[in-house]
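Please treat every number below as a calculation from the coordinates, not as lab data. None of these values were measured; they are calculated from a predicted model. Reconstructed Cβ throughout: ideal geometry from the backbone, glycine too, with neighbour counts over all protein chains shown.
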Amino acid sequence: MSAPAFGMHLADVVPFNLPSIDYRLIAPILILMGAGLLSVLVEAFIPRRGRRPVQLIVVFVALLAAFAMVLAAAGSRAVTAEGSIAIDGPGLLLQGTLLLVALLAAMLMAERMVDPSGDAFAPRASTLPGSEDERQFTQRGYLQTEIWPLFCFSVSGMLLFVVSNDLLIMFVALEIMSLPLYLLAGMARRRRLLSQEAAMKYFLLGALSSAFFLYGSALLYGFSGSIDLPVIADQITAKPSQSWLLMIGAAFVLIGLLFKVGAVPFHQWVPDVYQGSPTPVTGFMAATVKIAAFGALLRVLYVALGGLQWDWAPMLWIIAILTMVVGSVIAITQTDIKRMLAYSSIAQAGFILVGVVAATREGLASALFYLIAYAFTTIGAFAVIAMARDSSGEATHLSRWAGLGRKSPIVATAFTIFMLALAGIPLTSGFIAKFSVFTAAIAAGDTWLVIVAVLASLVAAFFYLRVVVLMFFAEPGPETATVAVPSVFTTVALAAGATVTVVLGVVPQPVLEMVANADVFIR
Amino acid sequence: MNVYTPILVLGILAFGFALFSVTLAGFTGPKRYNRAKLAAYECGIEPTPQPVGGGRFAIKYYLTAMLFIVFDIEIVFLYPWAVAFDQLALFGLIEMVLFIIAVLVVYAYVWRRRGLEWD
Amino acid sequence: MSEGINLGETIVFWVCAGLATLGALGLVLSRKAVHSALWMALTMINLAILYVANSAPFLGMVQVIVYTGAVMMLFLFVLMVVGVDASDSLIETIKGQRAAGVLLGLALGVLMVWGIGSALAGVAPAGLERANEIDGGNVQGIARMIFTDYLVAFEATSALLITAAMGAMVLAHRERWAARPTQEQLSKARFLSGEHPGNKPSPGIYARHNAVDTPALLPDGTPSELSVPRPLRARGDVRPVDHADMTEIAEIEEVDAT
């Protein structure tokens with residue numbers, strides 16, 4: 001043991017070098033974390049009735065402030081926090097998108113009009129489903145306002161996830177993003193057992209994917225002696241022979257991320273979780289987790305594993321094909337609209353993967369555009385699902401949607417726009433997104449992949465259009481769901497989702513230019 | 001001598017003493033057994049049969065366990081910080097205070113919402 | 001073995017390694033899950049001692065605080081929430097599970113022997129002095145990493161801890177929708193209800209069966225229903241009164257007197 005340590009004088013101590021952190025660049029993350037802390041304090045000290053309005057102010061102000069900071073940082077390219085955070089074009093673009101989509105999702109979560117007994121969340125998630133306690137809490141109008149701090153932390157994790165430049169911080173961000181979502185998934189007001197089962201499945205499979213990611217990170221560290229993405233890239237080029245540590249490590253990290261993306265064969269959690277979660281949470285999760293996970297996936301592939309492209313591209317090729325085909329084909333057989341959209345989100349992940357596999361600047365730009373288009377469409381679609389109801393809650397069975405277009409033409413039209421966009425019909429954002437992904441893939445030489453993708457989109461178009469036909473060409477019957485009149489929250493979210501979907505389809509040029517300017521990761 | 005040897009010797013002594021005392025009691029004490037004395041308790045409440053599936057504990061124990069773990073992890077970070085306190089200087093103190101405040105916030109939440117009360 | 005190992009360290013190693021192995025065997029061989037968990041705690045504590053003896057104090061502390069403390073705690077609580085007595089049935093639910101388990105276990109063993117063997121044979125260790133010379137100790141080294149290079153990750157971890165505590169509260173904390181009745185209110189309610197306000201007769205009479213499941217006997221020798229808690233009665237767990245017991249107790253008292 002080092003006995004002299006006890007006799008050391010203060011003057012002998014050499015202080016550590018302070019880390020250099022650009023607080024301006026990580027401000028969006030700090031703002032959301034601060035908002036999370038503040039809203040925990042609100043939960044602690046504000047009386048029950050006052051919590052909801054204060055929470056809403058905290059959340060919306062934080063989201064807008066963070067978005068302003070992202071705008072202020074636009075054009076920055078810097079690596080900060082001792083190399084652990086990389087602020088660059090794709091990172092900032094995804095952060096901005098995440099914040100806007102989260103804003104819409106927060107509006108859906110804040111909705112209190114469509115369900116006569118409160119919002120979409122159980123009054124107290126700790127009560128047993130169907131118990132006297134639950135009834136009493138419902139009757140007294142309790143609201144579980146803890147959803148707001150959880151929401152803030154989840155968003156802050158996503159913001160960190162897309163700019164993390166080493167595997168450790170990426171893992172921490174992954175967990176910060178996921179843990180609140182596991183909780184939120186289990187807090188539905190209606191069909192609570194289904195919701196709790198969804199949360200359980202999401203948690204267990206999410207933990208499994210985290211374990212994959214962590215183990216892969218450890219192996220990559222064993223290979224390169226570092227967890228920094230650029231250093232791993234340097235080591236890959238520096239070491240002539242490729243070791244199995246690198247191969248298995250890279251594969252495990254990618255599996256961990258593909259789990260979050262919902263790519264086949266790591267997609268089993270998606271349908272159950274999408275169906276069971278409270279619909280606003282499903283919308284939030286479907287849109288934002290996809291953005292965040294693809295952001296991290298792209299960064300790992302382009303920054304760290306760029307030198308391995310010839311190894312991962314064939315693997316992702318197969319996964320992309322499987323994802324598109326399985327997602328589209330199984331979606332046809334679904335009779336529940338939330339489950340159908342779950343499989344549709346799997347298929348959409350496959351289309352985005354087509355752009356990822358291209359591994360060119362155009363490929364990256366097209367994947368970014370696809371993510372933006374997909375996120376706004378998805379959040380809008382789930383806003384509509386939250387509104388189509390009967391007395392026992394949401395009417396999610398497809399047969400209940402028959403004739404909805406005659407009963408509530410405006411909402412049905414909005415849903416039609418979303419379905420057309422997801423199917424990739426011209427004049428919607430989905431068409432431009434698919435078109436740019438496919439052109440990028442053809443330019444990169446993946447013609448066969450694009451042929452499969454086009455076939456899969458044709459299959460997918462069938463079930464999207466089937467809903468449209470069902471809504472407008474069937475007579476409304478007694479079973480047809482009623483569209484609840486929403487408050488300004490859902491109205492704004494729905495309108496914003498529809499507007500972005502149409503605008504990106506008609507005048508996509510500004511956004512296309514934006515993604516084209518943001519198509520290089522910083523190294 | 002290794003610096004850990006005294007600890008080891010102390011451990012052996014403690015173990016030996018415990019073993020010695022327990023064995024000694026067996027030799028010196030009087031032994032008169034009957035059925036009642038061999039029961040789980042000589043007097044007082046006899047164990048009642050467990051319900052099928054085993055006794056289950058209330059979920060509130062889980063809350064306590066979770067809270068314990070949260071503050072346990074906090075302590076793990078405190079240890080290297082305390083050891084390297086001099087090198088970390090003021091910046092380290094600020095970092096740790098921020099961290100502790102963050103965890104303290106949730107402590108305030110648990111406390112205010114009566115999570116610490118055994119109700 | 002290299003020259004740096006003295007007698008004390010050798011003794012510590014053999015004692016702790018033996019106990020750790022014993023704990024590991026106990027973990028696998030115990031029938032009851034709680035016993036397994038306690039055996040595991042033994043293994044973990046001994047591993048912690050070995051870490052400290054190998055000049056890795058941080059690892060030792062983390063082993064005690066996190067694994068023996070937190071993780072074991074969680075294990076035990078999960079076991080208790082699931083049910084203490086739940087011992088696994090030995091019937092295979094998936095065919096060939098046991099054979100596959102043995103095979104995979106052997107494969108893992110081979111892998112570990114191979115991994116550790118190649119680490120011992122092919123690699124020249126840099127040595128503790130080299131590793132510690134930068135910061136003056138491995139705890140200081142960890143401190144520098146956590147509080148400078150990975151500062152953001154460290155501070156962000158607090159968000160995880162907050163989420164964990166909050167999640168536990170949201171899912172497991174039962175809130176009251178009405179104020180908790182005070183003792184005064186409870187007492188008034190009891191008297192106003194019109195039922196007998198006093199204590200019910202206590203169960204059991206004699207030492208051998210002074211248990212909650214043994215009814216008290218009324219003067220005429222019949223058992224008193226009221227003396228046994230209602231849940232036990234509903235479950236059919238009431239012990240029948242055995243008049244032979246009383247004679248046996250008299251016998252025991254005679255034996256003790258002699």
Rounded if a/c is under 1.5, else prolate if a/b is larger than b/c, else oblate: which is region C:7-83, with a ≥ b ≥ c the root eigenvalues of its Cα gyration tensor?
oblate
Going 7 Å from the Cα of C:ASN132 in the Cα-to-Cβ direction, what parts of region C:47-71 have a backbone nitrogen less than 19 Å from that spot?
C:48-63
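If you take each beta carbon of peptide A:168-179 and count the beta carbons of other chains within 10 angstrom, what is the mean?
4
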Expressed in nanometres to one decimal, the distance between label points 7 Å along Cα→Cβ at C:ARG230 and B:PHE20 is 5.8 nm
In nm, the gap between the two label points placed 7 Å beyond Cα toward Cβ at C:THR182 and A:PHE462 is 7.2 nm
Per the Debye formula with a single identical scatterer at each Cα and no solvent contribution, what log10 I(q)/I(0) holds for the protein assembly as shown at q = 0.05, 0.06, 0.07, 0.10 Å⁻¹?
-0.36, -0.52, -0.69, -1.23
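Mind checking the dipole of chain A: about its Cα centre, +1 per Lys or Arg Cβ, -1 per Asp or Glu Cβ, Debye to the nearest 20? Before the final figure, lay out each step's value.
On the way: 29 positive and 28 negative charges, 220 e Å.
Dipole about the Cα centre, nearest 20: 1060 debye.
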Dimensionless Rg/Rh of region C:135-175 - Kirkwood Rh, Rg from C-alpha atoms:
1.30
Fewest-first sequence of A:THR323, A:THR491, C:THR68, B:THR23 by Cβ atoms within 10 Å of each Cβ
B:THR23, A:THR491, C:THR68, A:THR323
In what order do A:ILE346, A:ILE46, B:ILE94 fall by count of nearby beta-carbon atoms within 10 Å, going from fewest to most?
B:ILE94, A:ILE46, A:ILE346
Cβ-derived FRET efficiency at R0 22 Å, A:LEU204 paired with A:LEU128, nearest 0.05
0.55
Once phi is turned into θ = phi - 60°, what whole-Hz ³J(HN,Hα) does the Karplus curve with 6.51, -1.76 and 1.60 give for every residue of region A:37-45, x standing for Gly and Pro?
4, 4, 6, 5, 5, 4, 4, 7, 10
Taking the alpha-carbon set of region A:421-523, what are its Rg and Dmax in Å?
18.0, 60
Per residue of B:98-105, other chain Cβ atoms within 10 Å number on average 5
What is the Cα centroid distance between region A:457-523 and region A:321-374, reported in whole angstrom?
15 Å
Order by neighbour count: A:MET471, B:MET96, fewest other Cβ atoms within 10 Å first, most last.
B:MET96, A:MET471
What is the ratio of the Cα radius of gyration of region C:42-167 to 2.2 N^0.38 Å, where N is its residue count, to two decimals?
1.48
Which three extents, in angstrom, do the Cα atoms of chain A have along their principal axes, listed largest first?
83, 60, 38
Straight-line reach check, A:LYS434, cutoff 24 Å on alpha carbons, 8 or more apart in-chain or any other chain, hits among lysines -> A:LYS260, A:LYS290, A:LYS338
Could you list which residues have their amide H under 5 Å from that of A:ASP166, counting only those 5 or more apart in sequence or on another chain, with H placed in the peptide plane?
A:LEU229
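Can you figure out the FRET efficiency of C:LEU108 with B:THR64, using R₀ = 41 Å and their beta-carbon distance, to the nearest 0.05?
Working: r = 35 Å, r/R0 = 0.86.
E(calc), rounded to 0.05, equals 0.70.
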For peptide C:132-144, how many partner chain Cβ atoms fall within 10 Å of a residue's Cβ, on average?
5
One checks the Cα atoms of region A:205-257 and finds Rg and Dmax, in Å, of 10.9, 36
FRET efficiency estimate (nearest 0.05) - Cβ-Cβ, A:SER391 to A:PHE435, R0 35 angstrom:
0.20
Just how far, in whole angstrom, is region A:62-80 from region A:155-205 if you go by their alpha carbon centroids?
24 Å
